Amino acid sequence: MSALLCLTMIETLELGKGDVAVYKGIDDKMLHHVINVQNYFDMKEGIDAALQYLADQINECRKTDNIERCRTLLGEEGDFTPDEEAEAKETSVWRVAT
């Protein structure tokens, strides 16, 4: 996506206003584009809100142990084989009980 198109979307949807709620309708890939464009154009309020929304989503993934959703949010693929991942889930000391 071009920066100009993304900037137009940011202005149209008022994503630079600092309201976290406006990011709820944006898919993960678009959110990453918006964050990059806001960073490039130094849109402080917008990027703060976008990053807060992203942090809230990651925190929700952590609480629900939804690793796949966290990977999608971060744009990452798993490094482990299925066996290694199953073992890590069983033995993780960092997991917080909910």
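The values are calculated or read from the model by the stated rules, or taken from the named source; none is laboratory data. Note that the coordinates shown come from a computational prediction; the quantities given were computed from them, not determined experimentally. Here Cβ is always computed from backbone atoms with ideal geometry, including for glycine, and neighbour counts include all displayed protein chains.
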- Message: Condition first: crowded, with 17+ Cβ neighbours inside 10 Å and either modelled with pLDDT of 85 or more or over 15 Å from the mean Cα position of the chain (by Cα) (or both). Now tell me which residues in the stretch 16-28 satisfy that.
- Response: Gly16
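For the condition touching a residue at least 12 places away in the same chain (Cβ under 8 Å) and assigned to a helix (DSSP H, G or I), what is the one hit in Glu45, Glu60?
Values: Glu60 fails: touching a residue at least 12 places away in the same chain (Cβ under 8 Å).
Just a single option satisfies the conditions, and that option is Glu45.
In contact (Cβ under 8 Å) with a residue 24 or more places away in the chain, surrounded by 12 or more Cβ atoms within 10 Å (Cβ to Cβ) and either closer than 30 Å to Thr8 by Cα or of a type in the set (Phe, Trp, Tyr) (or both) - does that describe any residue in the stretch 73-85?
First, the residues of the stretch 73-85 that are in contact (Cβ under 8 Å) with a residue 24 or more places away in the chain: 73, 75.
Within this subset, residues satisfying the condition of being surrounded by 12 or more Cβ atoms within 10 Å (Cβ to Cβ) are 73.
When the remaining residues are screened for being either closer than 30 Å to Thr8 by Cα or of a type in the set (Phe, Trp, Tyr) (or both), the result is 73.
Taking every residue of the stretch 73-85 in turn, at least one turns out to be in contact (Cβ under 8 Å) with a residue 24 or more places away in the chain, surrounded by 12 or more Cβ atoms within 10 Å (Cβ to Cβ) and either closer than 30 Å to Thr8 by Cα or of a type in the set (Phe, Trp, Tyr) (or both).
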- Within the stretch 29-44, residues surrounded by 14 or more Cβ atoms within 10 Å (Cβ to Cβ) and closer than 12 Å to Gly75 by Cα come out as Met30, Leu31, His32, His33
- The condition of being modelled with pLDDT of 85 or more, within 13 Å of the chain's Cα centre (by Cα) and under 26 Å from Ala86 (Cα atoms) holds, among Asn36, Asn59, only for Asn59
